[in-house]
Amino acid sequence: MLNRNRVNIVLLGCVVSAFLACGLILEAEELPEVKELTYTWREYRIYYKSAGEPKPVAEETAPPLIFVHGFGASSFAWRHNLPVLAEQHKVVALDLLGSGKSDKPRIDYSPDIWVNLINEFAQAHDYQKVTLIGNGLGGLIAARFALKFPDKVEKLVLVDPLGQSYNLPRVRRLLNARLVGGPAFRLLFRKSNVARILKGGIYSDPDKVTDEVAEGYYRPFLTPGAIDAYRSVGRQITQWKLGERFKEIDVPTLIVWGEDDMITPVEDAVELNKLIPNSTLVIVSGAGHCPHEESPAQFNDTLIRFLRRPSGVAAAD
């Protein structure tokens with residue numbers, strides 16, 4: 001009986017230890033909290049998300065990561081990436097002026113406005129250097145920032161960026177048509193239509209466009225000034241190209257591209273890789289215009305490996 005009790009006690013101890021170990025593992029795997037904050041820029045309220053703290057890299061403090069969303073998107077687009085990257089980095093995702101929860105004034109929007117916003121945001125938070133990660137229009141903005149402020153960029157990550165052959169004639173005609181300036185144009189921004197656009201032109205796998213995803217993209221269009229801001233940008237977006245100026249980018253650059261992108265074709269990725277010195281291209285199979293959303297695990301792993309490399313070395317495939 002004594003021996004049996006000893007066996008039971010040992011087994012009980014093993015079970016308790018296992019539960020404690022599981023608890024410690026679960027606690028260790030808890031991701032950093034993503035905070036929602038606001039910043040006042042030239043009298044406009046800018047909404048942004050922030051998480052993590054900078055960690056030393058090669059005895060130096062790693063610069064913050066600033067994520068820049070694309071056209072019609074918001075910081076919501078980085079929901080799968082911010083918590084993971086915040087384990088080793090200070091991360092920030094802005095809602096650009098005219099997007100998301102930020103103010104949407106009736107102004108003539110341009111990439112320079114957003115470049116200046118990011119620059120002044122960085123200055124206000126005492127960021128001497130940053131690494132920029134931009135998708136779509138956000139990629140174009142990040143590239144323009146690197147051209148205008150090369151000394152302020154540690155590394156650059158371009159995710160299916162605009163700036164080359166972006167050209168959607170049907171959408172462009174819609175955004176420019178005078179007849180859709182009122183209620184008819186607003187019908188485009190019903191939740192069902194937003195979901196249809198995501199499934200038919202943004203995501204490669206329509207099954208990944210859940211109700212949560214559709215809601216996340218749709219909700220900002222309900223805020224005051226959203227539709228006017230969207231139309232203002234849409235009227236000009238196909239004119240915002242960098243072309244050969246991509247050759248002037250002089251920082252380590254990672255190019256990530258969804259193989260099934262229907263907005264910026266994958267052929268542009270190969271050309272961009274040739275244009276930008278010290279750049280590496282990673283093509284994500286089974287992903288469309290937003291590989292960071294459709295294939296977040298692969299995207300995060302690729303980004304983490306790129307960030308770990310010395311600044312003087314391009315990322316490996």
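I need every pair where a residue in the range 34-53 that is touching a residue at least 40 places away in the same chain (Cβ under 8 Å) has its Cβ under 6 Å from the Cβ of a residue that is surrounded by fewer than 20 Cβ atoms within 10 Å (Cβ to Cβ) and in a strand (DSSP E or B), sequence separation at least 6 or different chains.
Close Cβ pairs satisfying both conditions: ARG45/THR38; ILE46/TYR39; TYR47/THR38; TYR48/LEU37; LYS49/GLU36; SER50/LYS35; SER50/LEU37.
Taking interchain pairs and intrachain pairs at least six residues apart, which have beta carbon atoms under 8 angstrom, with the first residue in the range 270-297 and closer than 18 Å to GLY243 by Cβ and in contact (Cβ under 8 Å) with a residue 12 or more places away in the chain and the second assigned to a helix (DSSP H, G or I) and basic (Lys, Arg)?
Listed by first residue and then by second, the contacts come to LEU275/LYS247; ILE276/LYS247; PRO277/LYS247.
Within the range 289-297, is there a residue that is surrounded by fewer than 17 Cβ atoms within 10 Å (Cβ to Cβ) and polar (S, T, N, Q)?
No: the range 289-297 contains no residue that is surrounded by fewer than 17 Cβ atoms within 10 Å (Cβ to Cβ) and polar (S, T, N, Q).
Being modelled with pLDDT under 95, in contact with a helix residue (DSSP H, G or I) (Cβ under 9 Å, 6 or more places away or on another chain) and either closer than 23 Å to ASN81 by Cβ or crowded, with 18+ Cβ neighbours inside 10 Å (or both) is true for just one of ILE237, ILE249, ILE283, ILE255. Which residue is that?
Just one listed residue meets the conditions, ILE237.
All but one of (1) under 17 Å from LEU140 (Cα atoms); (2) of a type in the set (A, V, I, L, M); (3) assigned to a loop (DSSP other than H, G, I, E, B) hold for ALA287; state the number of the condition that does not hold.
With respect to (1) under 17 Å from LEU140 (Cα atoms); (2) of a type in the set (A, V, I, L, M); (3) assigned to a loop (DSSP other than H, G, I, E, B), ALA287 is out only on (1).
Which one is farthest from the chain's Cα centre (by Cα) among residues in the range 290-313 that are assigned to a helix (DSSP H, G or I) and of a type in the set (D, E, K, R)?
Per the stated criteria, the residue is ARG308.
Within the range 205-230, can you find the residues that are in contact with a Lys or Arg (Cβ under 8 Å, 6 or more places away or on another chain), in contact (Cβ under 8 Å) with a residue 12 or more places away in the chain and part of a helix (DSSP H, G or I)?
Of everything in the range 205-230, those that are in contact with a Lys or Arg (Cβ under 8 Å, 6 or more places away or on another chain), in contact (Cβ under 8 Å) with a residue 12 or more places away in the chain and part of a helix (DSSP H, G or I) turn out to be ALA214, GLU215, GLY216, TYR218, PRO220, ALA226, ILE227, ASP228, ALA229.
Any residue at all in the range 97-111 that is in a helix (DSSP H, G or I) and of a type outside the set (Phe, Trp, Tyr)? Reasoning before the result, please.
In the first step, residues of the range 97-111 are kept if they are in a helix (DSSP H, G or I); the result is 111.
Filter once more, so that each one left must be of a type outside the set (Phe, Trp, Tyr): 111.
Scanning the range 97-111, I find at least one residue that is in a helix (DSSP H, G or I) and of a type outside the set (Phe, Trp, Tyr), so the answer is yes.
Pick from the range 207-237 the residues that are β-branched (Val, Ile, Thr) and over 20 Å from the mean Cα position of the chain (by Cα): which of them is farthest from GLU271 (Cα to Cα)? Let's see the steps before the verdict.
Residues of the range 207-237 β-branched (Val, Ile, Thr): 209-210, 213, 223, 227, 233, 237.
Now narrow it down to the ones that are over 20 Å from the mean Cα position of the chain (by Cα): 223, 227.
Working: THR223: 38, ILE227: 34 Å.
Taking the candidates together, the pick is THR223.
Could you please let me know if PHE145 is modelled with pLDDT of 95 or more and surrounded by fewer than 23 Cβ atoms within 10 Å (Cβ to Cβ)?
Values: modelled with pLDDT of 95 or more: yes; surrounded by fewer than 23 Cβ atoms within 10 Å (Cβ to Cβ): no.
For PHE145, the condition - modelled with pLDDT of 95 or more and surrounded by fewer than 23 Cβ atoms within 10 Å (Cβ to Cβ) - is not met.
The values are calculated or read from the model by the stated rules, or taken from the named source; none is laboratory data. Treat the numbers as computed from the prediction; the structure is a model and nothing was measured. For neighbour counting, all protein chains shown are included, and Cβ atoms are generated from backbone atoms with ideal geometry for every residue, glycine included.
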